[in-house]
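Please read the structure below before turning to the comments.
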Amino acid sequence: MTSFLSNPRLLGATVHALVIPNRHIIDPRHLTRVERWSLDVEIEILRAVMLGKLGLKGTDVWQKSRPDIAESAIKRDHVHWHVVGSQPGDQVYDTGIVWTPDRFATLSDEYAAQFLPTLQSCGHID
């Protein structure tokens, strides 16, 4: 598994990371048992870092599978999971996720610098 900060990142959340299998997979049903186990471990480590070391109050994890929809700036044909950390006052924490293109922003170096050192210190994010 590979983890990294999402670009574009979801606005209304404190931190937004992705977890993807190293093997190209479009349909989550094609994950092997080992890949599923590795995925679960990676997600739980990221959640623990977000709730622990980053001091966030909430996390959301989800995977969407829409192979019939064309790829775009916010949709890729490679199975992946979103791990989103948030605080009270963040839109994601208070009311949930809004999936519109205007809810995403380019990942800036300044934003990445806030979270990458802590996430990378656990050896589980690129």
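The values are calculated or read from the model by the stated rules, or taken from the named source; none is laboratory data. What you see is a predicted model, and the numbers here were worked out from it, not measured in a lab. Ligands, DNA and RNA are excluded from the accessible area calculation, which covers all protein heavy atoms including side chains. Shrake-Rupley method; radii C 1.70, N 1.55, O 1.52, S 1.80 Å.
Distance from the Cα centre of the range 87-126 to that of the range 21-56, in angstrom? When both Cα centres are located, 16 Å separates them. Relative contact order for the chain: 39 percent, from Cα pairs under 8 Å spaced at least 6 residues apart, divided by residue count.
Within the accessible surface of the chain, defined with a 1.4 Å probe on protein heavy atoms only, the carbon and sulfur portion equals 53 percent.
Computed over the Cα atoms of the range 26-108, the ratio of the radius of gyration to the Kirkwood radius (Rg/Rh) comes to 0.99. Mean separation of Cα pairs under 8 Å and 6 or more residues apart, divided by the residue count, gives the range 41-88 a relative contact order of 47 percent.
With all protein chains kept in place, the per residue accessible area of the chain amounts to 55 square angstrom at a probe of 1.4 angstrom.
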